[in-house]
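The structure appears right after this line, and notes come after that.
The values are calculated or read from the model by the stated rules, or taken from the named source; none is laboratory data. What you see is a predicted model, and the numbers here were worked out from it, not measured in a lab. Every residue, glycine among them, receives a Cβ derived from its backbone with ideal geometry; neighbour counts consider all protein chains shown.
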């Protein structure tokens with residue numbers, strides 16, 4: 001057997017080189033290489049517990065066993081996962097410190113359907129701290145807690161208890177002495193994630209791995225971790241107490257769904273009717289620069305308020321400030337307005353906000369964004385009870401968008417009876433079809 005040679009590993013991405021170099025060719029970071037212990041030899045022969053997979057099987061013979069889900073009592077949680085927790089799956093959960101990841105996981109453990117056993121592995125908190133949280137959240141289910149960070153001890157407890165749900169909080173604290181490095185380094189994360197994921201897959205359990213995130217908002221550690229797991233969830237917050245749970249990867253469901261929660265003293269509460277959650281309640285007339293858009297998120301429609309403000313640019317150099325909508329989209333819509341409507345935006349500073357703090361990415365918001373910019377620039381408010389949705393091309397045309405009928409239905413239910421958008425397949429009452437941006441502005445502001 002050849003003797004392992006020393007290697008140097010990048011602390012940022014885990015890339016290895018046989019000698020020290022200044023810049024990592026994988027991630028481009030400087031001075032991140034340090035001497036690392038040699039990787040252990042891969043195991044020889046067949047892995048334990050794989051006897052049932054030693055021969056190829058027909059897809060018909062597999063039956064429906066691969067689609068078994070554990071349905072928790074948290075509806076928003078099930079929605080984002082695609083209908084429930086898939087048996088044998090691995091889920092990575094990331095979010096900012098203090099946003100409520102541990103609270104969400106403990107509530108998910110409490111809502112796991114009996115009689116399956118649940119094991120909560122904590123490498124950051126003591127049993128006393130977990131007990132205080134469980135009492136505050138009103139946990140009534142028997143959740144077994146194991147405060148340990150060493151991988152081999154965790155695997156031993158898993159083999160003894162054989163739980164159906166495993167929660168590891170957090171994966172950055174788990175380490176294996178065999179790897180010979182500090183917790184949280186790329187090699188430790190890869191090794192520990194692989195062992196826990198394989199254990200869950202071979203035993204038909206589900207494992208949740210709580211992860212730290214970087215200052216850029218990405219999950220800390222090598223990107224390969226996100227490729228290893230079945231689902232990647234991000235837990236985000238708005239300027240209020242609303243929390244968003246969204247999937248950036250999901251092998252067993254859609255990534256378009258969004259789960260909505262509010263943080264209370266008793267923990268996270270589901271938002272049962274989110275349609276009006278992001279609408280600002282006003283007693284006076286609508287001010288200029290405000291437009292309402294029905295946004296299709298997964299299997300439901302949310303009404304969002306887009307707020308625009310334009311002020312003269314200082315020094316002749318305009319800028320665009322937009323946190324919740326891509327600034328490049330805002331600049332593009334402003335350019336279309338300037339070209340086809342004749343209103344100048346190149347000498348204006350543009351400020352765009354979305355009430356409630358949710359990020360908007362779908363193309364159906366283009367028309368509402370254009371109306372908000374036009375209203376802010378001209379000082380003309382939109383008439384009350386008006387909503388708009390549609391995709392705008394560079395030629396100033398309004399293109400069709402998916403689920404138009406559902407958007408119209410939701411708008412009507414919430415009191416919006418003047419809806420502007422692309423022409424529908426059939427005539428609809430209280431709907432103002434427009435083929436171009438110029439026509440839409442004429443319908444809204446001059447009718």
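Would you mind telling me which numbered condition in (1) buried (at least 16 other Cβ atoms within 10 Å of the Cβ); (2) part of a helix (DSSP H, G or I) residue 292 fails?
(2)
I'd like to know if the stretch 217-224 contains one or more residues that are assigned by TED's automatic domain parsing to the domain that holds residue 104 and assigned to a strand (DSSP E or B).
yes
Could you check the stretch 422-447 and list, in sequence order, the residues that are part of a loop (DSSP other than H, G, I, E, B) and either closer than 17 Å to residue 399 by Cβ or touching a helix residue (DSSP H, G or I) at 6+ places or on another chain (Cβ under 8 Å) (or both)?
422, 423, 424, 425, 428, 430, 434, 435
On the given criteria, is residue 361 over 22 Å from residue 287 (Cα atoms) and either in the same structural domain as residue 404 (by TED's automatic domain parsing) or surrounded by fewer than 18 Cβ atoms within 10 Å (Cβ to Cβ) (or both)?
Taking the combined requirement at face value, the residue satisfies it.
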